[in-house]
Amino acid sequence: MSVDPLVLGRVIGDVVDSFSPSVPMSVIFNHNKHVYNGHEIFPSSVTRKPRVQVHGGDMRTFFTLVMIDPDVPGPSDPYLKEHLHWLVTDIPGTTNATFGKDLVGYEMPQPKIGIHRFVFLLFKQKCRKTVRNPPVSRERFSTRKFAEENELGLPVAALFFNARRQATARRR
Amino acid sequence: MAVNPTATMEELWKDISPSPLHCHDHRHSSSSPATAAARQDMIFQDFLGPPPPTSMLGHPTGGHYGGSNLSSSSVVNPPPVTILSLNTGKEFHFLESPSPFRSSSISGNLQRGGLANVSSAPFSCYPFESLDNSTPALPCFGAKKRTNDSDTGSGDRRHKKMIKNRESAARSRARKQAYTNELELEVAHLMEENARLKKQQEQLYMASAAKLPKKNAFQRSSTAPF
């Protein structure tokens with residue numbers, strides 16, 4: 001019996017508590033790069049925001065998407081965790097993130113030290129405009145705290161990929 | 001100057017006052033390392049000073065390799081003089097493995113170029129630097145004679161590094177496992193979807209096939225009135 005990749009990758013544990021995914025979600029970079037849990041993607045492939053599709057809910061339910069990096073500045077000593085890369089609210093069910101509101105714009109991953117996880121989390125809002133105040137800073141973000149403050153509860157979906165500093169072309 | 005077995009390392013080093021590559025004076029001195037090298041009684045390590053910068057700062061001749069009072073007679077006996085033999089060897093046994101390597105490659109260079117071969121200086125410094133970084137228990141000469149703090153400090157450092165490496169390895173294993181599990185899940189999901197789509201396709205085909213015979217059957221149509 002194989003363990004959930006979210007548990008193995010310590011997304012459940014480091015970022016959020018254990019939850020049951022109830023709304024399928026897909027994250028696709030550049031039209032063809034699907035995000036699969038624990039798979040590695042080049043930073044050059046994730047320079048622009050992906051297409052995040054919510055495969056559930058209905059047009060009257062609203063979702064919040066959070067993208068964070070829990071491994072800043074490096075996975076062995078992430079004393080700056082977490083770093084907020086993207087925050088979209090009021091995404092209507094069955095649609096994608098472009099239908100929501102970017103409270104914090106997409107910032108491309110730029111891992112400096114080690115191999116980082118980049119986590120997408122989807123929360124179901126109680127109603128529209130639940131998240132009123134955008135976080136003041138991307139630094140030292142806490143997904144748990146954010147969810148608590150905005151009464152979002154546990155996530156309904158999560159996806160993560162790995163990325164490391166892209167090797168620059170070197171003259172040999 | 002006789003080598004006193006009970007002398008501390010610092011004293012020994014002061015006595016030796018090593019004078020490697022940039023002091024050309026030594027060539028003229030009879031007790032210089034240059035002649036010693038020519039006699040092949042000494043190896044290159046003898047020319048290297050105490051580990052910079054600690055010992056060098058306290059060196060009586062200033063911050064550079066200097067002094068010409070190298071008494072080669074006492075130092076070179078018994079040949080070959082290495083750091084190992086300068087002391088009783090209990091302090092420097094850890095140098096045993098690297099030093100033969102270096103002496104073989106460097107002393108040959110010395111014999112060719114003499115002490116004034118400054119170009120070998122970077123080469124000589126480098127192995128020690130890399131040693132310093134990679135093996136905390138094996139720094140430059142005389143380091144073992146430093147205070148106990150550095151001993152326990154290096155032990156701690158090693159321990160911490162080991163822990164860090166273990167964690168890194170555990171993360172790596174977890175990553176690998178998560179990747180594999182996700183692949184398996186995806187495969188199962190895709191196979192399921194594939195089966196479902198095939199079934200759906202067949203059903204649609206059957207539905208359309210059920211309609212076709214009726215369509216292809218000849219039907220009576222009204223003939224022309226004429």
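Of the residues in the stretch A:130-143, not one is assigned to a strand (DSSP E or B) and not aromatic (Phe, Trp, Tyr).
Of the candidates B:161, B:176, the single residue that is basic (Lys, Arg), under 23 Å from the mean Cα position of the chain (by Cα) and either more than 7 Å from chain A (Cβ to nearest Cβ) or not in a helix (DSSP H, G or I) (or both) is B:161.
Taking residue B:168 as the residue in question, decide whether it is within 14 Å of chain A (Cβ to nearest Cβ), within 23 Å of the chain's Cα centre (by Cα) and of a type outside the set (Phe, Trp, Tyr). It is true that residue B:168 is within 14 Å of chain A (Cβ to nearest Cβ), within 23 Å of the chain's Cα centre (by Cα) and of a type outside the set (Phe, Trp, Tyr).
Among residues that are touching a strand residue (DSSP E or B) at 6+ places or on another chain (Cβ under 7 Å) and among the acidic types (Asp, Glu), residue A:139 is included. Scanning the stretch A:46-70 for residues that are more than 14 Å from the chain's Cα centre (by Cα) and crowded, with 16+ Cβ neighbours inside 10 Å returns A:56, A:57, A:61, A:62.
On the given criteria, is residue A:99 touching a residue at least 60 places away in the same chain (Cβ under 8 Å) and aromatic (Phe, Trp, Tyr)? Spelling it out, it is not the case that residue A:99 is touching a residue at least 60 places away in the same chain (Cβ under 8 Å) and aromatic (Phe, Trp, Tyr). Applying the criterion of being surrounded by fewer than 16 Cβ atoms within 10 Å (Cβ to Cβ) and either outside any loop (DSSP other than H, G, I, E, B) or charged (D, E, K, R) (or both) to the residues of the stretch A:103-129, the residue that is nearest to the other protein chains (Cβ to nearest Cβ) is A:112.
Is it the case that some residue within the stretch A:5-21 is within 12 Å of chain B (Cβ to nearest Cβ), under 20 Å from residue A:142 (Cα atoms) and in contact with a Leu (Cβ under 7 Å, 6 or more places away or on another chain)? Within the stretch A:5-21, one or more residues are within 12 Å of chain B (Cβ to nearest Cβ), under 20 Å from residue A:142 (Cα atoms) and in contact with a Leu (Cβ under 7 Å, 6 or more places away or on another chain).
No other residue among A:123, A:118 is among the hydrophobic types (A, V, I, L, M, F, W, C) and more than 23 Å from residue B:175 (Cβ to Cβ) apart from A:123.
If you go through the stretch A:22-40 and keep only what is crowded, with 19+ Cβ neighbours inside 10 Å and either more than 11 Å from chain B (Cβ to nearest Cβ) or among the charged types (D, E, K, R) (or both), you end up with A:25, A:27.
Between A:166, A:125, the distinction of being polar (S, T, N, Q) and closer than 21 Å to residue A:38 by Cα belongs to A:166 only. In the stretch A:1-21, of all residues being surrounded by fewer than 19 Cβ atoms within 10 Å (Cβ to Cβ), hydrophobic (A, V, I, L, M, F, W, C) and more than 15 Å from the chain's Cα centre (by Cα), the one that is farthest from residue A:91 (Cα to Cα) corresponds to A:1. Taking the stretch A:5-28 as the range and being out of contact with any Asp or Glu (no Cβ under 8 Å at 6 or more places or on another chain) and within 19 Å of residue A:71 (Cβ to Cβ) as the test, the residues that pass are A:6, A:7, A:8, A:9, A:10, A:11, A:13, A:14, A:16, A:17, A:27.
We did not get these values from a lab; they are worked out from the coordinates using the rules stated. Please read these numbers as outputs of a predicted model, since none were measured by experiment. Using ideal geometry, Cβ is built from the backbone for each residue, glycine included, and neighbour counts are taken over all protein chains shown.
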